[in-house]
Amino acid sequence: MSELKLSTPSEDFDWESYEKGETNRGVSKEVLAGTYEQSLSKVNDREVVVGTVTSINKREAVINIGYKSDGVVSMNEFRYNPDLKVGDEVEVYVESQEDKKGQLILSHRKARATRSWDRVSEALESQEIVKGYVKCRTKGGMIVDIFGIEAFLPGSQIDVKPIRDYDVFVDKTMEFKVVKINHEFKNVVVSHKALIEEELEAQKQTIVAGLEKG
């Protein structure tokens, strides 16, 4: 039977510091905690920040904004973006740094709404192609979520050909162009037909350019 080896404590071990909770080369737990707090992002309530999606399930997405706790956002707020995945960066509005349970409260919908009018105006000016989520059918057309704003898609602007069944477009994400903004009445009009016409015109120009005399 082998002899039991006894270890002897190091002579230079600081037992007094250990008893006081100073475990990291004389650095106290309080100092370490303070250093950790300083390494975290500084956020304020009612502020829009960028976070990273760390996990997703059918009900919610967990968002990391570099704070001491992650925030949870309902997947209903991402209905316009069915391609959302882990690793994506999204804007979120900090409603509260901590609720009664110590949970960080975030809202993606409010973050979009905060900057939505500036984005819509920029899209109109630059003729940018934007993605929108078709929420429902309404009289004469469809209601589309663009940057968190409810925009109107007239029935005549859905396609180059007449559409008989509007319902087939509900719950779909499509591309649009912003064609009109009425800031006084907070109205936005979008068109999908404009994109189709541009594509057809581009195809026409390509064919014409390839024609030869005779």
Criterion (more than 30 Å from residue 201 (Cα to Cα), over 19 Å from the mean Cα position of the chain (by Cα) and not β-branched (Val, Ile, Thr)) met by exactly one of 77, 98, 125, 91: 98
Count - residues of the stretch 86-122 that are among the aliphatic types (A, V, I, L, M) and at pLDDT below 90: 5
Whichever residue in the stretch 126-138 is in contact with a strand residue (DSSP E or B) (Cβ under 9 Å, 6 or more places away or on another chain) and not in a strand (DSSP E or B) and, among such residues, is farthest from residue 94 (Cα to Cα): 127
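With the structure loaded, tell me whether residue 93 is part of a loop (DSSP other than H, G, I, E, B), of a type in the set (Ser, Thr, Tyr) and within 28 Å of residue 170 (Cβ to Cβ) or whether it fails that test. Quick ask: steps written out before the conclusion?
Details: part of a loop (DSSP other than H, G, I, E, B): no; of a type in the set (Ser, Thr, Tyr): yes; within 28 Å of residue 170 (Cβ to Cβ): yes.
No; evaluated as a whole, the condition is false for this residue.
Do the conditions hold for residue 160, that is, is it under 22 Å from residue 81 (Cα atoms), outside any helix (DSSP H, G or I) and in contact with an Asp or Glu (Cβ under 8 Å, 6 or more places away or on another chain)?
On the way: under 22 Å from residue 81 (Cα atoms): no; outside any helix (DSSP H, G or I): yes; in contact with an Asp or Glu (Cβ under 8 Å, 6 or more places away or on another chain): yes.
When the stated conditions are applied, residue 160 does not pass them.
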Qualifying residue in the stretch 139-161 (condition: over 16 Å from residue 194 (Cβ atoms), at pLDDT 95 or above, surrounded by 13 or more Cβ atoms within 10 Å (Cβ to Cβ) and not hydroxyl-bearing (Ser, Thr, Tyr)): yes
Close pairs from the stretch 153-172: first touching a residue at least 12 places away in the same chain (Cβ under 8 Å), partner surrounded by 13 or more Cβ atoms within 10 Å (Cβ to Cβ) and among the hydroxyl-bearing types (Ser, Thr, Tyr), Cβ under 6 Å, at least 6 apart: 157/191
Selection count, the stretch 96-130, where residues are crowded, with 16+ Cβ neighbours inside 10 Å and more than 25 Å from residue 181 (Cβ to Cβ): 4
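The values are calculated or read from the model by the stated rules, or taken from the named source; none is laboratory data. Just so it is clear, the structure is predicted and the values come from calculations on it, not from any experiment. Note that we place each Cβ from the backbone using ideal geometry, even for glycine, and neighbour counts take in every protein chain shown.
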